[in-house]
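Nothing in this text is a laboratory measurement; each read-out follows from the coordinates by a stated rule. The structure displayed is predicted, hence computed values, not measured ones. Note that we place each Cβ from the backbone using ideal geometry, even for glycine, and neighbour counts take in every protein chain shown.
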Amino acid sequence: MLNRAVAPNFKEIDRVVIQEVQKETLSNGIPMFYLNSGTEEVIRLELVFQAGKYYENQSGLNLLMAATIGEGTKSFDSKTIRNTFDRYGVFWSAKSGYDLFSFQFYLMAKHLDKVLPIIQELITSATFPEEEVEIVKEIKKQEIQLNNSKTNVVSSQLFKEKLFGSEHPYGRRISEENIATLNSTDLINYYKQTISKNTFEIFLCGKIEVDTMKLISEELGSLVIDKQDLSSETKEVVSLKSEYIPWKDALQTSISMGNITLQKGDKDYYSLLFTTILLGGYFGSRLMKNVREEKGLTYGIHASIKHLARHSYFSIHADVMKEKLGEAQEAIKEELEKIAYEPIPEDELQTVKNYITGSFLTSLNTPFSLMDTFTSLYFHGQDYNFIQNYIKHLRQIDSTEVNRIANTYLKPSAMIEVSVG
């Protein structure tokens with residue numbers, strides 16, 4: 001009989017066996033990455049453009065374009081688009097990022113031929129009707145106003161502003177005034193510059209039939225592509241000083257702190273990622289134990305590394321009791337000092353290693369997560385060797401390495417901190 005009081009034996013993993021994404025190139029030069037996996041009759045079609053916030057010449061253009069691009073095309077008005085997608089069970093979104101702009105469609109493969117004409121026009125002939133644009137602008141202004149009343153949102157935004165500079169695309173905030181000044185003509189011009197007739201990449205995953213591949217190759221491969229050069233000059237990073245912004249009526253204070261750090265291809269990255277997870281990357285991490293469980297200063301605190309195309313940054317975020325801000329700040333710095341100078345117990349190191357490998361393996365159980373893993377590597381110049389090397393490196397990390405990494409890259413004195421509340 002199974003004794004559930006006894007944990008199962010842990011098996012150390014030497015190598016991850018992962019189904020790899022394949023690549024084809026369409027007749028017009030568009031690359032298509034695909035993964036045929038899964039048993040459900042569902043596919044995800046993603047079209048990704050190098051057209052993120054980094055390239056906009058007016059703040060808010062990328063955000064507003066994502067929110068209004070489905071309001072009409074040359075042949076389909078917004079009602080027809082919504083009704084057609086509803087009829088065939090299509091869930092879709094247009095996403096505005098710092099470096100990329102993407103369209104994502106979840107649907108049954110057998111309905112692809114019914115909706116592909118609309119998808120084609122969304123990326124070639126969106127019209128941005130003035131009336132619909134004005135309605136969406138009001139919604140976005142209200143969302144910004146609401147977000148500006150939340151300490152955690154303002155803290156996160158100000159942190160990035162302080163980290164990169166208020167004029168840098170990664171640090172620039174979007175205001176209600178930015179949205180108010182934009183109009184349909186601005187969106188059309190920006191769309192023509194970044195999306196329409198511009199090159200893009202296709203990421204297709206799910207249960208893919210031969211007919212699905214053929215249809216996409218024929219229809220999207222027939223598009224006329226004008227390979228515009230969207231390369232933008234390198235924007236200077238101008239980091240600013242830490243700041244505390246008191247809010248009279250706030251019930252909590254939101255802390256954001258961190259620094260610009262290593263990219264995925266850098267030599268010490270594997271060790272830095274491990275150290276970040278040990279510090280605050282999972283529920284049993286040091287920050288959670290100290291700041292949440294032992295001192296009761298917050299419901300949650302976490303540390304992570306975020307990757308953008310041109311920079312990566314380390315950050316710690318927490319919402320703490322307003323009157324306990326100083327105590328929380330000291331507790332965080334205390335953990336940063338400990339991880340840099342005190343030996344890490346072997347059982348703690350092993351727990352984090354087990355967590356990382358276990359979490360990674362459980363994240364690869366759907367074709368969509370497999371594709372997400374691939375794109376997280378691909379857009380940062382890495383391939384599947386990155387995963388195998390990380391697993392191999394995990395076994396070699398010891399206390400001395402964690403101390404070295406923390407003392408090199410996680411010094412409290414080198415971090416910017418923003419507290420709001």
| field | For semi-axes √(5λ) of the Cα gyration tensor in Å, calculated from these coordinates, the label among [x] 62, 26, 21; [y] 39, 30, 20; [z] 71, 22, 18 | value | [y]
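Please compute the net charge surrounding Gly72, taking Lys and Arg as +1 and Asp and Glu as -1 over other residues with Cβ under 13 Å from its Cβ.
Working: positive: Lys74, Lys79, Arg82; negative: Glu71, Asp77, Glu121, Glu130, Glu131, Glu132.
Taking every Cβ under 13 Å from that of Gly72, the sum is -3.
Between Gln19 and Glu167, what length comes free when the chain is fully extended (0.36 nm per residue of separation minus the Cα-Cα distance, one decimal in nm)? Let's see the in-between values first.
On the way: separation 148, 0.36 × 148 = 53.28 nm, distance 4.19 nm.
Once the chain is fully extended between Gln19 and Glu167, it gains 49.1 nm.
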| note | Per the 1/(1 + (r/R0)^6) rule, R0 = 45 Å and r from the Cβ atoms of Ile135 and Glu323, FRET efficiency to 0.05 is 0.55
| remark: Going fewest to most other Cβ atoms within 10 Å around each Cβ, Leu122, Leu223, Leu251 line up as Leu251, Leu223, Leu122
| task | Compute the whole-percent fraction of alpha carbon pairs in segment 22-220 spaced more than 25 Å apart. | result | 42 percent
| query | In nm, to one decimal, how far is the Asn147 label point from the Glu219 one, both placed 7 Å along Cα→Cβ? | reply | 3.2 nm
| said: Residues of segment 263-284 with backbone nitrogen within less than 16 Å of a virtual label 7 Å along the Cα-to-Cβ line of Glu342, please, listed as ranges. | reply: 278-280
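Quick one: if the Förster radius is 30 Å, what FRET efficiency do Thr80 and Tyr378 give, using the C-beta to C-beta distance and rounding to 0.05? Kindly include the intermediate steps, with their values, before the conclusion.
Details: r = 34 Å, r/R0 = 1.14.
Between Thr80 and Tyr378 the formula returns 0.30.
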| said: From the Cα trace of segment 277-379, what convex hull volume per residue do you get, rounded to a whole Å³? | reply: 132 Å³
